[in-house]
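*Asks:* Let me give you the structure first, and then I'll get to my questions.
Derivation of every value follows stated rules applied to the coordinates shown; laboratory data play no part. Quick caveat, the model's predicted, so the values are computed rather than measured. Heads up, the Cβs are rebuilt from the backbone with ideal geometry, glycines too, and the neighbour counts pull from every protein chain shown.
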Amino acid sequence: MSSHAHRGDFAVNTALLRITLMAAVIGALSTGAAYVLLDLIRLFTNLFFFQQFSIENRSPADHALGAWVIVVPVIGGLIVGLMARYGSDKIRGHGIPEAIEAILFGKSRMSAKVAVLKPLSSGIVIGSGGPFGAEGPIIMTGGAIGSLLAQHFHMTAAERKALLVAGATAGMTAVFGTPVAAVLLAVELLLFELRPRSLLPVAIACAVAGFCRPLLMGSGPLFPLQTADPSPLTLLWCVAAGICSGALASLLSFALYRVEDLFAKTPVHWMWWPAMGGLAVGIGGYLQPRALGVGYDVIGDLLHNHLALGVVVALLAVKAVIWVIALGSGTSGGVLAPLLMIGAGLGVALGHVFPGADPVLFALVCMAATLGGTMRAPLTATVFAFGLTHDANALLPLLATSATAYGFTVLTMKRSILTEKIARRGYHIYREYGIDPLERHFVEEVMSLPVSIAAARTVDEAMRDYFGPQQAHRAFPVVQDGRLLGMVDRASLEAWHAAASGGRAIGDLCASVPVQRAVLGENCRSVATRMARLRLERLPVVRDAGSMELVGIIARSDLIKPSVVHFEEEEKRERLLGLPWRSEP
């Protein structure tokens, strides 16, 4: 049988079904966690601003505290600072960078403390007026649920990653009702791979969360909208809006980390920083009460063009300033909702500037483009905006604007708002990924023809004939009637010789040593991993595990051959002339 017969499109993973079933459970649990988080935000909003023990959905802008409102975010920041210092400092930040760091550098391990303290701290911060969204905290909380369940069942780091991301994206689905966008968020930001063993659990978890959400939080889009069919001229304005949104994304990222640097230079302990940031939030909330809290009502008004341009400019300027200061102080809260609001405000302003442009459409596309440019996730932003509004007419403008903003930030920024935070902790993340050349090539493509030693040869004969001055290889396979018995090198022969076994047949001595080998049809990645794990420089290649017929040998130097092909594809420029007008038979 040909070695190609058993190759498939994907690597075989016998644990896929088990992981997927667990992901379905995690999807339901993350939906429940999202429900609890939203209730916590409403509870603390009522406690801080209306002195009522209630989970009624009320905006902090409706308070009657007067100037005392300045104190409320300070109290919230102080509580969270204490929780971070004496509970877990992992609750600081906006959630997604912490999830990425756990995935790439923490073997996808998260603690039960984070699962409890992150939603609680975020509820306190946002409930006390913090200008954040619930998505970052629920991504961290859902991720912790997935990670903890995987740890309980003793899974590998790769399997834990799949379940961590499944929980994170299921939580996002539950908050916003955007399962497809959540899957794309996993692909663009969290998984760092595209395999069935990770994509399927994430998709199932998001689907389960999408079906469970109406049972707890209602159904339908968060911001229902219907714009007119775009004209060809709209493309021009979309490109311009994308550039403006990309510039805004770059500005926000730059400002955030400059503020973070300023906090780092203050002579007080970081525990007090959230309270200091809360003071800025309080002042901003006193000047513009609608800048406080999540602000979904404000986003809705912006998307429907219900606010005058002057009000929009003032509100969004305050929102941007207090969000940057509060987030730079290291408090707990998400970035998606603030970016949606700030981007929508930019779109409203541009809609009044571009001749013949629809302010409603441009509020929507700039909302998505600012998010996509800031997070470097244009597909997520496009589908996310569609999921929030169900406006199919806006899909093409959304794609054009988000892609333009993404291109702008890629060309002008080294890192995104998410990866910059991780880089400041000493880790570098390379977000480009593709199929490993070693996974595209198989051992039979790179192996060499073997030079073997007959099993009947003695140790002394092998030392003389194969490991003398004319030695061609560092190790040789030992065969008997074409069947592999093992591998020998100079060290093993010298050890046998020292043990007074110089006159014995090598085949007899090899029988006591486990045979390590590669098999036709294996890809180079699995062979390279085995060689690294066993600290071997070469492996014999057999036709199959049953016959053990020796067909080749693969050395570490052979494993660089696929990289030559990769180099030619990436670096070699060619000009093809004389192309035929029609294909030849």
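*Asks:* Could you work out the equivalent-ellipsoid semi-axes for the stretch 409-507, taking the square root of 5 times each eigenvalue of the Cα gyration tensor, largest first, in whole Å?
*Replies:* After diagonalising the Cα gyration tensor, the semi-axes are 51, 18, 11 Å.
*Asks:* State the dimensionless ratio Rg/Rh of the stretch 170-242 (Rg: radius of gyration of Cα atoms; Rh: Kirkwood radius).
*Replies:* Looking at the stretch 170-242, the ratio lands at 1.12.
*Asks:* Determine the relative contact order of the chain: mean sequence separation of Cα pairs under 8 Å and six or more apart, normalised by residue count, in whole percent.
*Replies:* Value for the chain: 15 percent.
*Asks:* How high is the relative contact order of the stretch 26-118? Use alpha-carbon pairs under 8 Å, at least six apart in sequence, and give a whole percent.
*Replies:* 16 percent
*Asks:* Please report the base-10 log of the normalised intensity I(q)/I(0) for the stretch 64-129, using a Debye sum with one equal scatterer per alpha carbon and no solvent, at each q in 0.13, 0.17, 0.25, 0.26 (1/Å).
*Replies:* -0.42, -0.63, -1.05, -1.10
*Asks:* Here is the link list: K161/K414; K107/K265; K161/K319; K319/K414. Which ones come out longer than 30 Å on Cα distance?
*Replies:* K107/K265; K161/K319
*Asks:* Divide the volume of the convex hull of the Cα atoms of the chain by its number of residues and quote the answer in cubic angstrom per residue.
*Replies:* In the chain, the Cα convex hull volume per residue is 221 Å³.
*Asks:* Could you pull out every whole DSSP H run in the chain that spans at least 20 Å of Cα extent along its own axis and averages 0.0 or higher on the Kyte-Doolittle scale?
*Replies:* Sorted by number, the helices that extend far enough and score high enough are 16-50, 71-86, 112-127, 135-152, 157-176, 196-217, 232-265, 273-287, 309-328, 336-353, 359-375, 395-412.
*Asks:* Return the Cα extents of the stretch 146-209 along principal axes one, two and three, sorted largest first, each rounded to a whole Å.
*Replies:* 31, 21, 16
*Asks:* May I ask you to work out the translational diffusion coefficient for the stretch 321-439 at 4 °C, viscosity 1.567 mPa s, via Stokes-Einstein with Rh from the Kirkwood sum over Cα pairs, reported in whole µm²/s?
*Replies:* It comes out at roughly 84 µm²/s.
*Asks:* Continuing with the same structure: Expressed as a fraction of 2.2 N^0.38 Å, the rule-of-thumb size for a compact globular protein of N residues, what is the C-alpha radius of gyration of the stretch 16-217?
*Replies:* Cα Rg divided by the expected 2.2 N^0.38 Å: 1.03.
*Asks:* With each pseudo-label sitting 7 Å past Cα toward Cβ, what's the Q52-H152 distance in nm, one decimal?
*Replies:* Rounded to a tenth, the inter-label distance reads 3.7 nm.
*Asks:* Additional query: For the charge dipole of the chain, defined by +1 on Lys and Arg C-beta atoms and -1 on Asp and Glu C-beta atoms about the Cα centroid, which residue among V202, G434, A264 has the Cα displaced farthest towards the positive pole?
*Replies:* A264
*Asks:* Only Lys, Arg, Asp and Glu count, each charged at its Cβ (+1, +1, -1, -1), so figure out the dipole size of the chain about its Cα centre, rounded to 20 debye. Walk me through the numbers before you get to the answer.
*Replies:* Working: 47 positive and 42 negative charges, 239 e Å.
That gives a dipole near 1140 debye.
*Asks:* Suppose every K and R has +1 on its Cβ and every D and E has -1 on its Cβ; what is the size of the dipole of the stretch 16-217 about the Cα centre, in Debye to the nearest 20?
*Replies:* On the way: 15 positive and 10 negative charges, 103 e Å.
Charge dipole, the stretch 16-217, about its Cα centre: 500 debye, nearest 20.
*Asks:* Here's a follow-up. What number in nm² do you get for the stretch 437-566 if you take the convex hull of its Cα atoms and divide its surface by four?
*Replies:* 7.9 nm²
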